[in-house]
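Below: the structure, in structure tokens.
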Amino acid sequence: MKPAAFAYHRPESRAQALALLAEHGDEAKIISGGQSLVPAMNFRLARPPILIDINAIPGMDDIREEGGTLVIGARCRHAHFEKPVSSAPIGLLLSRVAANIAHTPIRSRGSFGGSLSHADPASEWCCVARGLEAELVAESTTGRRTIPAAAFFQTIFTTALRPDELLTEIRLPLFGPGWHCGFAEYARRAGDFALAMAVVACRVEGGVIREARVGLGGIASTPVTSPEAVAVLLGQAPSPALFLAAGQAGADATSPDGDIHASGEYRQDLVRAMIRRALTQAFA
Amino acid sequence: MDAPLTWIGRNIPRLEDPALVRGEGRFVADIAVGSRAVVFLRSPVAAGVIKAIEKPELPPGALIITGEDVATLKPIVPRLARFNYVPIEQPILPRTRVHYVGQPVAAIVAATQREAEDIADQIFLDIEPEEAVVDLDLAAAPGAPIVHPMAPTNTIVEGRIRTPGLEAAFAGATVVELDIRSRRQNASPMETRGGHAAYDRASGRVSLHASVQMPHMLRTGITDCIGMPEADLRVVAPDVGGGFGQKMSLFPEYVLLVWLARRYRSTFAWIEDRRENLIASAHSRDQHHKVRAAFDDQGVMRGLDVEILANIGAFSCYPTTCGVEPLMALAEYAGPYKVAEYGAHARGITTNTAVMAPYRGVSRPVISFALERLMEVAAKRLGLDPIELRRRNLVTQFPHRTPTNMMLDEASYLETMEKAVEVAGLPAFRAEQAAAHAQGRYLGIGFSVINERTGYGTPAFAARSMEITPGYERVEICMTPSGEVEARIGASPHGQGLRTALAQIIAEETGVDVARIRIIHGDTDRTPYGWGTFASRSLVISGGASKLAAAKLAVKLKRAAAVLLQGEESQVRLEGGMALLPGGASISLDAIARTVYHSAGPISEKIGYDLNEAATYDPEGTFSNACHVAVVEVDTETGGTKILRYIVVEDAGRLINPMIVDGQVQGGVAQGIGNALLEEIIYDADGNILTGSFADFIPPTMAEIPPIEVHHLATLTGASVLEAKGVGEGGAIAAPAAVINAICDALEPFGIQLFDMPATPQRVRAAIRTAEETSP
Ligand SMILES: Cc1cc2nc3c(=O)[nH]c(=O)nc-3n(C[C@H](O)[C@H](O)[C@H](O)COP(=O)(O)OP(=O)(O)OC[C@H]3O[C@@H](n4cnc5c(N)ncnc54)[C@H](O)[C@@H]3O)c2cc1C
């Protein structure tokens, strides 16, 4: 379990990194936290001839608020979110989510942008990005573009990023007053990739839900949204019965993949439970 | 006057630990640093014919060794004399066929592991796949693909027993039938396998340092395969990071390392990685039992009839043979229960999967799962409380002869259970359970009563008809001229703190402080022939031999002291490093030692010229016992189980070091919890293994293991010279049944009974879903 040989670059600026990417394209891989890439290399499932390490580039782990948006630098470590990064509802939500990602050592290296670029369908950050309709900023020597999460995740381990592009920022709504956010997942052991997860955000006005977002992870080749669950929620007053109904609608509309840990049928049960629990948490 | 008990029964901090916690332990991988690396290319297919192994061009110094290169090596063929046994042969490297995914096909040598893996990448392995048989029941069914032509029904070992009154016992009785499934496990020692073979050009000898449990046996096995003098091989087990049985067996990799060292007069090292360990080391407990039990109207079990199938994998493990699982199940099925009439039919079935070998508890976690599920299900059928049903069936008169002729020595099956019921606060729990249920929460409690056959010597293994009959242990003890005690033992600890426990035993006999006692182990050049560590034997047998040898040394010391102090030998007391006479005369043991070696004079007439003694111990065996209680909450939405409380009431007789005993119990329970809830090696139908990392084969972590309360009873047995019983496996044996019984108790409102382990969330949820769908 030793990686195949590779060349290693450690650029000290974003421009240098982009130039290296432009030069090597397909041959090169970015290494951020290394928590997915290095295991894959050790198993020799990934054999990138060139690694471009972005850890020496200043500013890639900044976090700031811009209007109603939280802007997360791609190299922000998971552990950074364990305490809320914002006083808006998104801050608390992200801290609840972060607690579910892997274990302390992995959280202190693994990065938000690394998770999105890796696009594991059971990644919590991917589920959050998709469910809460994040925008992702990619840069290359030819320019900068913003990709909506819906277009970013293409299939398992595959994103809309071009080989010469670096993911630099993730933009999430802060969610202002009236918004309630929640997250729930089920994993076999503490820190394992979840078998299913749900993220929800609802805006309540006049006692009824006016806007809702529901994202699901771990059940298909990409994270998905659940318009069916949203449809059940809209216009209704939050209640345990409503949460269960939303969960049921969400579960009925999915036909999850099965694997050795969870059959499709079992995952459907989990989807129902996780939507219900995420909603319960949001309104607790 | 007897010496007061000073050393036995004390929680002496483990003598092993300072080095380990400082990171100064010496494991094989520490010794291997800088050596040429060996990497094994392993079969990617479960069954097939080797057509070609195309080798790439090699860098200088690199080697590729295939079956053709080692055609002179004899295969590994353990034998069983009685029973129906087919002696299948495991090649060191195959020349014609592969039999499981992970079987070593070639050895690659290079300067580093990475370079060897680079070469392995470039080897083109042309294997024509054949139909594989993987599933235990399919392999046992008529018409299944045949794994070894010598065994046309895939049955490698078969045993039967039937008492004459079995049929009659079932007539008119309440008959309870269970179908018990146990899924495949991996022992997952923290340190994987590994070896370092160094050739000594001057002597022509090879030293193999390897992470193993049976160094002497391994030496015999390797030299038999190579056809070399046993004296030309030294095997050393340095610090070993756990084994749990997985490191008992002889593996082809070790034979090949020694062969390489001799053939190339050089040094080679192989350190197994985790993926290899999960795929290609040894598995266990892929079993299917059909159980029938007959109860009379008083709830007394009159008859027990079991059909046992065990998946033994592609080959038979050496030295225990693949009989180890099915024949143990056949011999020990009744556990702590009385059963007058007994029948068992046990078969070991070969498949295209990794080799089965012993794992902590061997078949007993499955047996106890079956028996303890039986008690619950039968109680329900009979309208009795399951604790009451156990009361009526536990053995309470000792010694007790089992239907398979085992002698159960004095134990406390009933007492441990009663104590466990009391500690658990059963009535209070029932109230708490009802209150929780009213809120839609599902709590449950589960009991499991076990006995654990420990410390058994050659008679027990002879009964199994193994060609190789392990069991005795020898200890050679010596006081040095400066007064330290060295004990050379044939046993070989793999992390359980044996050095500390043996030092306490020797200290007790000789009055020498444990800090001045050195236990020398695991080195065939420095220790007497012995059987290493397995089967909860080391403390009872090697500890027993230590006591006997130390007692002889004590006699010598007293005799010498009597001469030097001009007193009566019978009045000499050894304590605190001194020999003391009642009148106050005393001499230090150090001074005695100096005198014996350097100024022997008149002492030599009494004791000779040295302070060496030795003893061998070969007991029949003694049964420890325990009752475990698990309290769980089942999440009915996810099928997940959380263990809220775990209680063990253990009876291991006299405890030498209670802290070490508790550690054994707790570690065993942790593995048992993994067995009950999490761990399962999974193959697809073609024999590809789907659980090749700890992301898929999932042992419990700290978060899944609750605090484990351990309580002790102490039945002192004459079956062990220390009055101590073994405790190595009990935790792992009892825990699965306790946990799964607790889950079934929690799910009582759904009427759910589980017979398949592990009780994964997926399986539990499926049972709940079925119950929800069938009852409106
Ligand atoms: C034992 C274990 C358990 C884990 N459990 C979980 C879990 O429960 N949930 C979870 O979500 N994750 C889990 N992970 C994965 C972990 O969170 C990773 O950190 C994460 O998936 C990848 O982030 P990284 O920064 O480590 O990326 P890296 O491993 O460095 O990179 C991953 C991939 O993304 C690419 N990449 C990285 N950054 C960029 C960028 N800025 N632009 C373009 N491409 C980029 C790399 O080239 C590579 O292909 C686990 C990992 C381990 C080892």
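No lab work stands behind these numbers, since they all come straight from the coordinates. Because the structure is a prediction, the values reported are computed rather than measured. Because the Cβ atoms are built from the backbone with ideal geometry, glycine has one as well, and the counts that use them run over all protein chains shown.
Numbers at a glance
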{"read-out": "Inter-label distance for residue B:428 and residue B:20, nm, one decimal - labels placed 7 Å from Cα along Cα-to-Cβ", "value": "3.5 nm"}
{"read-out": "Residue of A:150, A:98, A:15 that the Gaussian network model of chain A assigns the largest fluctuation, springs spanning Cα pairs under 10 Å", "value": "A:15"}
{"read-out": "Share, in percent, of DSSP beta bridges within the range B:196-345 that are antiparallel, nearest 5", "value": "65 percent"}
{"read-out": "Compactness of the range A:7-53 - radius of gyration and Dmax, Cα, Å", "value": "10.6, 32"}
{"read-out": "Qualifying chymotrypsin sites (Phe, Trp or Tyr not before Pro) for the range B:523-596 [loop in DSSP, other Cβ within 10 Å: at most 16]", "value": "B:529"}
{"read-out": "Using a Förster distance of 41 Å, the FRET efficiency for residue B:74-residue A:55 (Cβ separation, nearest 0.05)", "value": "0.15"}
{"read-out": "Calculated FRET efficiency for the pair residue B:418/residue B:659, C-beta based, R₀ 22 Å, to 0.05", "value": "0.30"}
{"read-out": "Cβ-based net charge around residue B:522, under 12 Å, with every Lys or Arg adding one and every Asp or Glu removing one", "value": "+4"}
{"read-out": "Calculated on alpha-carbon atoms, Rg and Dmax of the range A:63-173 in Å", "value": "13.1, 38"}
{"read-out": "Most to least packed among B:446-458, A:272-284 [average Cβ atoms within 10 Å]", "value": "B:446-458, A:272-284"}
{"read-out": "Average beta carbon contacts from partner chains per residue of B:695-703, 10 Å cutoff", "value": "3"}
{"read-out": "Segments B:152-162, B:199-209 sorted - mean Cβ within 10 Å per residue, highest first", "value": "B:152-162, B:199-209"}
{"read-out": "For B:414-421, mean number of other protein chain Cβ atoms within 10 Å", "value": "0"}
{"read-out": "Highest-MSF residue in chain A out of A:256, A:238, A:58 [GNM, Cα springs under 10 Å]", "value": "A:58"}
{"read-out": "Potential extension, residue B:264-residue B:150 segment - 0.36 nm per residue separation minus Cα distance", "value": "37.5 nm"}
{"read-out": "Calculated diffusion of chain B, Stokes-Einstein form, Kirkwood radius summed over Cα pairs, 10 °C and 1.306 mPa s, µm²/s", "value": "58 µm²/s"}
{"read-out": "Structure-based [θ]222 nm, the protein assembly as shown - -39500 (n - 2.57) summed over DSSP H runs of at least 4, per residue, nearest 500", "value": "-9000 deg cm²/dmol"}
{"read-out": "Debye equation applied to the C-alpha atoms of the protein assembly as shown, log10 I(q)/I(0) at 0.06 Å⁻¹", "value": "-0.53"}
{"read-out": "Over the range A:179-282, relative contact order from alpha-carbon pairs under 8 Å, at least 6 apart, %", "value": "31 percent"}
{"read-out": "Taking the range B:571-725 and dividing mean pair separation by its residue count, relative contact order in percent (alpha carbons under 8 Å, at least six apart)", "value": "23 percent"}
{"read-out": "Residue-count net charge about residue B:275 - beta-carbon cut-off 11 Å; Lys, Arg +1, Asp, Glu -1", "value": "-1"}
{"read-out": "Protection proxy ranking, peptides B:333-344, B:721-732, average beta carbon neighbours within 10 Å, highest first", "value": "B:721-732, B:333-344"}
{"read-out": "Contour excess over end-to-end distance, with Cα ends at residue A:234 and residue A:157 and 0.36 nm allotted per residue", "value": "24.4 nm"}
{"read-out": "Relative contact order (%) - chain B, alpha-carbon pairs under 8 angstrom, separation at least six", "value": "16 percent"}
{"read-out": "Cross-link table B:380/B:642; A:2/B:247; A:2/A:29; B:547/B:725, entries beyond 19 Å C-alpha to C-alpha", "value": "B:380/B:642; A:2/B:247"}
